[in-house]
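This report refers to the structure that appears directly beneath it.
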Amino acid sequence: MEDLLEIKDLKKYFFLKKGLFSFNKETIKAVDNISFSIKKGEILGLVGESGSGKSTIAKLIVRLIYPQEGKIFFKKEEIGKFSREKLSKNVQMIFQDPFASLNPKLSIGTIIGEVVRVRNKISGEICSKGEVREEIKRILATVGLPINILSDYPHQFSGGQRQRIGIARALAMRPRLIIADEPVSSLDISIQAQIINLLLDLKEEFNLSFLFIAHDLNLVKYLSQRMLVMYKGKIVEEGLSEEIYRNPQNLYTQQLIESIPKIKYWL
Amino acid sequence: MFKVFWERFKHNKLALSGLIVILVLTIQACFAPFIAPYNPTEQNIANRLSPPSGKHFLGTDELGRDVFSRIVYGTRISLSVGFVAVGVAVLIGTLLGLWAGFFGGWVDNLIMRLVDIMLCFPTFFLILMVIAFLSPNIFNIMLVIGLTSWSGLTRLIRGECLSMREREFIQAARLAGLKNNRIIFVHLLPNVFTPILVFATLGIGSAILTESALSFLGLGVQPPTPSWGNILTAGKDYIHTAWWLSFFPGLAILITVLAYNLLGEGLRDILDPKMGDKNG
C-alpha cells in the first residue's frame with residue numbers, strides 16, 4: 001500500500017532555562033529522531049505514557065509547532081512547503097478535550113460553517129448561505145447529531161456530543177488524514193465505544209486515514225492493525241498490533257501491557 | 001445566557017442601584033431642555049447669589065444663573081466626555097491588547113514597551129500639558145483623555161489572550177485555515193468581552209472625574225458652557241457666602257462617579273465565572 005504520510009528523522013527539542021541566572025539549559029527531547037509512515041486507508045495507533053511525545057508529533061504534523069530537524073512528506077510532497085490552506089485541506093485534527101476545543105462563545109453553526117466556507121474558498125466554489133447551511137446539516141447528520149442545533153452553543157451539549165461536534169468540524173474540510181489526539185480519553189466508557197465506532201464508520205465512508213494517539217493499549221489494539229509504541233521521545237516498538245500485544249519485545253512495552261488493570265478480564 | 005446574567009444582576013443591590021442612577025442621569029442629559037426650568041446661560045444680576053428656594057431649586061450663581069439648570073446641562077458634558085473618552089480608550093486598548101496577545105514575539109514586545117512608556121507618565125499632567133498646547137475645547141478633552149487611558153486595558157487583554165492562545169479552540173481555528181483577523185475578532189474578542197465591559201464602566205467614572213478636574217483648573221470646558229467642573233470653580237470664590245454654588249456640582253460628580261464604580265464592580269462580580277451560580 002502507498003504511503004500517505006511519511007515522517008523522516010523528525011526532531012523536536014524543547015529548552016528549559018534552569019534557574020534565574022543560570023545559562024545552562026535543560027534540553028527535553030520530546031521527539032528524538034523519529035521516522036514512520038501512515039499508509040492510505042489505515043489507522044495507525046500511537047501509544048505511550050504521558051509526556052512521551054505523542055502530542056508533540058501530532059502538533060508537528062499539523063504545523064502548530066515546527067521541528068528542528070527532519071521532514072514530513074504528504075503524498076511525497078514536503079509539508080513544510082505547503083500553504084496553511086493546502087495543509088488544512090488534507091490534514092485535520094480531533095482534540096483531546098471536547099470542552100476546551102470548542103469556542104464557548106460561538107454557535108455550532110458558526111464553528112462548523114466557517115470551516116465549510118474556508119473549504120469552499122480553497123476549492124473555488126461559491127456557495128450561498130443556504131447551501132452552507134445545508135452542508136452543515138449534512139455533516140451533523142453523518143456524525144449522528146440532530147440537524148437543528150445550528151444556533152445552539154457548546155455548553156448545551158454533553159462531552160460525547162461535543163466530541164462529535166469536534167469530529168464534524170474536522171470532517172467539514174473533507175481531509176484525507178485525521179490526527180486524533182486521544183479523542184476519547186476524557187469520555188466515559190460507554191461514550192468511548194460510540195465515538196470509536198463512529199470513527200470506524202467514517203473511515204469506511206470517506207476513505208480516511210487516521211493517526212490514532214492513545215495511552216490505552218486495548219483501544220489501539222481494537223482499532224488499528226499497526227501500532228507504534230513511544231517512550232521518552234523515541235519509538236521503541238513498531239509492528240502489527242496483535243503481535244505486539246501478544247508478544248512484546250521491548251521491556252517498556254511489556255510493562256505497559258502488564259499495567260493494564262486485570263479487572264477487565266473478569267467482566 | 002442573558003437571562004442568567006439578569007437573574008444575578010437583580011440580586012446585586014449595589015450594581016442595580018448604580019444602573020438606576022446612571023439611567024436617571026442619561027435621561028436627564030437627553031431631555032435637559034425639558035427638565036431645566038431656566039436657560040442655563042441666562043443672567044439675572046438682580047437675583048445673584050440667592051440661596052436655594054422654591055423659585056431657584058439649588059440657588060443662583062454670581063451672575064444670577066440658575067444652578068439647577070446649569071447642573072442639568074452639565075450632565076450632557078460629563079456623560080458625553082465619559083462615553084467618548086472611554087470609547088477611544090477601549091478601541092485602542094482592545095486592538096493593541098489583542099494584537100500583542102495573539103501575535104506575541106516582537107509585536108508583543110513593541111506594544112508592551114509602548115504601554116510601559118504610557119504608564120511612566122503622570123497621566124493628569126500629560127493631559128494638562130497637551131490641553132495647554134491645543135485649544136481647550138470639549139473634543140480635544142475627550143480625545144486626550146481617551147488617548148492617555150488605554151494602557152491598563154491593553155495589559156489586561158494581552159494577559160487574557162496569552163492564556164487563550166494556547167487553548168485548543170484557537171489551535172483548531174488555526175488548523176481550519178482561518179485568517180488571523182478572523183481568529184482575533186471572531187474567536188478571541190468575544191472571550192475577552194468581560195474585562196472590556198468592566199474596564200469601560202469603571203473608566204467612564206474616572207474620565208468624568210478627569211474632565212471635572214480639568215474644567216476646575218480652567219483648562220476644560222470654557223464658560224459660559226456649563227460643566228460640573230467650571231461651576232465648581234466659579235463657586236470656590238464664594239464658598240463662605242454661597243455654599244450651594246460648589247456643594248451641588250460636587251455632589252453631582254460624586255453621585256455619578258460612584259454610580260459607575262458600583263456598576264463596574266458589580267459587573268466584575270457578576271461576570272466572574274469563578275463566582276459560581278449561587279444567585280442564578
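The values are calculated or read from the model by the stated rules, or taken from the named source; none is laboratory data. Just so it is clear, the model here is predicted, and its values are computed rather than measured. Note: ideal-geometry Cβ built from the backbone for every residue, glycine included; neighbour counts use all protein chains shown. Side chains are part of the model used for accessible areas, which takes the heavy atoms of the whole protein and leaves out ligands, DNA and RNA. Shrake-Rupley method; radii C 1.70, N 1.55, O 1.52, S 1.80 Å.
Per-residue shielding of A:114-123, expressed as the average number of other chain Cβ atoms within 10 Å of the residue Cβ, stands at 3.
Shielding of peptide B:120-133 by partners, expressed as the average count of other chain Cβ atoms within 10 Å per residue Cβ, is 0.
Counting pairwise Cα distances across segment B:30-179, what percent come out greater than 20 angstrom? Summing the P(r) of segment B:30-179 above 20 Å gives 65 percent of all pairs. Between B:Phe103 and B:Leu23, the distance separating the two model label sites (each 7 Å from Cα on the Cα→Cβ line) works out to 4.3 nm.
Available extension along the chain between A:Asn33 and A:Asp3 is 8.9 nm, counting 0.36 nm per residue and deducting the alpha carbon span. Projected onto its three principal axes, the C-alpha set of segment B:14-62 covers 44, 20, 17 Å, listed from the longest axis down. Only one residue of A:Tyr231, A:Ile112, A:Phe157 has its Cα farthest out toward the positive end of the dipole of chain A, where Lys and Arg carry +1 and Asp and Glu -1 on Cβ, and that residue is A:Ile112.
Placing unit charges on the Cβ atoms of the charged side chains and taking the dipole of the protein assembly as shown about its Cα centre, the candidate lying farthest along the positive direction among B:Gly266, B:Leu49, B:Leu197 is B:Leu197. Of the residues B:Ile184, B:Ile208, B:Val130, the one whose Cα sits farthest towards the positive end of the charge dipole of chain B is B:Ile184 (charges of +1 on Lys and Arg Cβ, -1 on Asp and Glu Cβ, taken about the Cα centre).
Segment B:200-217 and segment A:32-49 have Cα centres spaced 62 Å apart. Helices in chain B that qualify as membrane-span-like (whole DSSP H runs, Cα extent of at least 30 Å along the helix axis, mean Kyte-Doolittle hydropathy of 1.6 or higher) are B:67-103.
Mean residue ellipticity at 222 nm, helices only, chain B: -22500 deg cm²/dmol; runs of at least 4 DSSP H residues each add -39,500 (n - 2.57), and the sum is divided by the number of residues. When B:Trp150, B:Trp99, B:Trp106 are compared by accessible area of protein heavy atoms, the largest-first order is B:Trp106, B:Trp99, B:Trp150, using a 1.4 Å probe.
Could you tell me whether segment A:111-219 comes out rounded, prolate or oblate from its Cα gyration tensor? Rule is a ≥ b ≥ c as square roots of the eigenvalues, rounded for a/c under 1.5, then prolate if a/b exceeds b/c, otherwise oblate. Before the final figure, lay out the partial values.
On the way: a/c = 2.33, a/b = 1.48, b/c = 1.57.
Oblate, because a/c is 1.5 or more while a/b does not exceed b/c.
Helix-only arithmetic for chain A: the sum of -39500 (n - 2.57) across DSSP H runs with n ≥ 4, divided by the residue total, places the mean residue ellipticity at 222 nm at -11000 deg cm²/dmol. The largest-to-smallest principal axis extents of the Cα set in chain A are 56, 52, 46 Å. Centroid-to-centroid, using Cα positions, segment B:1-62 and segment A:143-185 are 53 Å apart.
Using the Kirkwood formula over every pair of different C-alpha atoms, what hydrodynamic radius in Å results for segment A:82-144? About 13.0 Å for segment A:82-144. For the residues of B:175-188, the average number of beta carbons from a partner chain within 10 Å of their own beta carbon is 5. For B:Trp244, B:Trp6, the ranking by accessible surface with the largest value first comes to B:Trp6, B:Trp244, using a 1.4 Å probe. Only Lys, Arg, Asp and Glu carry charge here, each on its Cβ (+1 for the first two, -1 for the last two); on that basis segment B:1-104 has a dipole of about 340 debye about its Cα centre.
With 26 Å as the limit, the listed pairs A:Lys59/A:Lys203; A:Lys11/A:Lys203; A:Lys121/B:Lys3; A:Lys25/A:Lys81; A:Lys17/B:Lys179 have A:Lys11/A:Lys203; A:Lys121/B:Lys3; A:Lys25/A:Lys81; A:Lys17/B:Lys179 beyond it between alpha carbons. Cross-link pairs exceeding 24 Å in C-alpha to C-alpha distance, out of A:Lys86/A:Lys234; A:Lys75/A:Lys232; A:Lys39/A:Lys76, comprise A:Lys86/A:Lys234; A:Lys75/A:Lys232. Of the whole protein surface, B:Lys13 contributes about 150 Å² of accessible area at a 1.4 Å probe radius.
Beta-bridge orientation, the protein assembly as shown: approximately 60 percent antiparallel, per DSSP, counting only bridges with both partners inside. Would you please state the base-10 log of I(q)/I(0) at q = 0.13, 0.16 1/Å for chain B, with intensities from the Debye formula using one equal scatterer on every alpha carbon? One equal scatterer on each Cα of chain B leads to -0.94, -1.20. For segment A:29-178, a Kirkwood radius taken over Cα pairs fed into Stokes-Einstein (4 °C, viscosity 1.567 mPa s) yields D = 77 µm²/s. Using all pairs of distinct alpha-carbon atoms, the Kirkwood hydrodynamic radius of the protein assembly as shown works out to 28.0 angstrom. The accessible area of A:Ser186, taken with all protein chains in place and a 1.4 Å probe, comes to roughly 60 Å². Dipole magnitude for chain A: computed about the Cα centre from +1 point charges on Lys and Arg Cβ and -1 point charges on Asp and Glu Cβ, it is near 820 debye.
In a solvent-free Debye calculation with one equal scatterer on each Cα, what is log10 I(q)/I(0) for segment B:133-195 at q = 0.27 Å⁻¹, listed in the order of the q values? Normalising to I(0) and taking log10 leaves -1.11.
The accessible surface of chain B, taken with every protein chain in place and a 1.4 Å probe, is 70 percent carbon and sulfur. Ranked by the mean number of other Cβ atoms within 10 Å of their residues, highest first, the peptides B:197-208, A:27-38 fall in the order B:197-208, A:27-38. Take the accessible area of chain B alone and of chain A alone, subtract that of the pair, and you get about 1900 Å² summed over both chains, using a 1.4 Å probe. Here chain B is treated with +1 on each Lys and Arg Cβ and -1 on each Asp and Glu Cβ, and its dipole about the Cα centre works out to around 540 debye. With a 1.4 Å probe rolled over the protein heavy atoms of all chains, the accessible area of B:Cys30, B:Cys161, B:Cys120, A:Cys127 falls in the order B:Cys120, B:Cys30, A:Cys127, B:Cys161, largest first.
Bridgeable aspartates and glutamates around B:Lys10 (alpha carbons under 17 Å apart, same-chain partners fewer than 8 residues away excluded): B:Glu265, B:Asp269, B:Asp272, B:Asp277.
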